[in-house]
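The values are calculated or read from the model by the stated rules, or taken from the named source; none is laboratory data. Computed from a predicted structure; not experimentally measured. Methodologically, a virtual Cβ is constructed for each residue, glycine included, from the backbone with ideal geometry; neighbour enumeration extends over all protein chains shown. Keep in mind that these areas ignore ligands, DNA and RNA; they rest on the heavy atoms of the full protein, side chains included. Shrake-Rupley method; radii C 1.70, N 1.55, O 1.52, S 1.80 Å.
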Amino acid sequence: MEHNEHIIERYERAWIFFGLAMITVFIILIGYMVLTMGNTIPVSTGRIDATKVRTEGDFANPRVEQVGNEYVAYIQAFAFGYLPTEMKFKAGKKVTFYITSPDVQHSFQIANTNINVQVIPGEIAKVSYTFKQPGEYRIICNEYCGIGHANMISKLIVEP
Ligand code: CUA
């Protein structure tokens, strides 16, 4: 009896150790990603009336602005596409994206980066990124949003 209890305790201890070790590994991985790839965890920065996204405020005029040595982009993700249709940035400069939707839920994923933003109608998502590699980046929606979902693609260009 005593012998069995001892064995159970040892297994338990091993599992507790394993659990803590995995948590430690995940924390280190997240820290490593933030340090090497930048913090690309999107945040919500407020809400606007989804029915006015197309007519009022920054998103009625989707655009890329150069502010000092950085860029700010106001993006509409709609069924089925993205506005502005063309975006250009210089490599090595920080880009802050603000994204919202006037209709249904979409996403804003930039291929070959770790940017993947869920876009909720009227909710303003914010994410920043510094493109290091010049080239063409595909933008894709990976949130099923209706009949045209599969064609909801766009691109952005990073110049050297
Ligand atoms: Cu938008 Cu799928």
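Within the bounds of segment 18-30, is there any residue that is touching a His at 6+ places or on another chain (Cβ under 6 Å) and either in a strand (DSSP E or B) or open to solvent by 70 Å² or more (accessible area, probe 1.4 Å) (or both)? No, every residue in segment 18-30 fails to be touching a His at 6+ places or on another chain (Cβ under 6 Å) and either in a strand (DSSP E or B) or open to solvent by 70 Å² or more (accessible area, probe 1.4 Å) (or both).
Can you tell me which residue in segment 53-89 is nearest to Ser154 (Cα to Cα), limited to those that are out of contact with any Lys or Arg (no Cβ under 7 Å at 6 or more places or on another chain) and without any contact (Cβ under 8 Å) to a residue 12 or more places away in the chain? Ranking the qualifying residues of segment 53-89, first place goes to Glu65.
Kindly establish whether Gln109 is in contact with a Cys (Cβ under 8 Å, 6 or more places away or on another chain), within 12 Å of the ligand (Cβ to nearest atom), open to solvent by 30 Å² or more (accessible area, probe 1.4 Å) and without any contact (Cβ under 8 Å) to a residue 40 or more places away in the chain. Criteria met by Gln109. For segment 54-85, the candidate set comprises residues that are open to solvent by less than 20 Å² (accessible area, probe 1.4 Å) and away from the ligand (no atom under 16 Å from the Cβ); within that set, the residue that is nearest to Cys145 (Cα to Cα) is Ala73. Does at least one position in segment 31-49 carry a residue that is over 20 Å from the mean Cα position of the chain (by Cα) and of a type in the set (D, E, K, R)? So far as segment 31-49 goes, yes, one or more of its residues are over 20 Å from the mean Cα position of the chain (by Cα) and of a type in the set (D, E, K, R). Note on segment 85-109: residues that are closer than 16 Å to Val72 by Cα and either in contact with a strand residue (DSSP E or B) (Cβ under 7 Å, 6 or more places away or on another chain) or of a type in the set (Ser, Thr, Tyr) (or both) amount to 16.
Residues are listed down the side, and each one gets a yes or a no for (1) away from the ligand (no atom under 12 Å from the Cβ); (2) open to solvent by 50 Å² or more (accessible area, probe 1.4 Å); (3) under 16 Å from Phe97 (Cβ atoms):
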position: Pro121; (1), (2), (3): no, no, no
position: Ile124; (1), (2), (3): yes, no, yes
position: Arg138; (1), (2), (3): yes, yes, yes
position: Cys141; (1), (2), (3): no, no, yes
position: Gly148; (1), (2), (3): no, no, no
position: Leu156; (1), (2), (3): yes, no, yes
position: Glu159; (1), (2), (3): yes, yes, no
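Please determine whether any residue of segment 86-93 is crowded, with 17+ Cβ neighbours inside 10 Å and within 18 Å of the chain's Cα centre (by Cα). Scanning segment 86-93, I find at least one residue that is crowded, with 17+ Cβ neighbours inside 10 Å and within 18 Å of the chain's Cα centre (by Cα), so the answer is yes.
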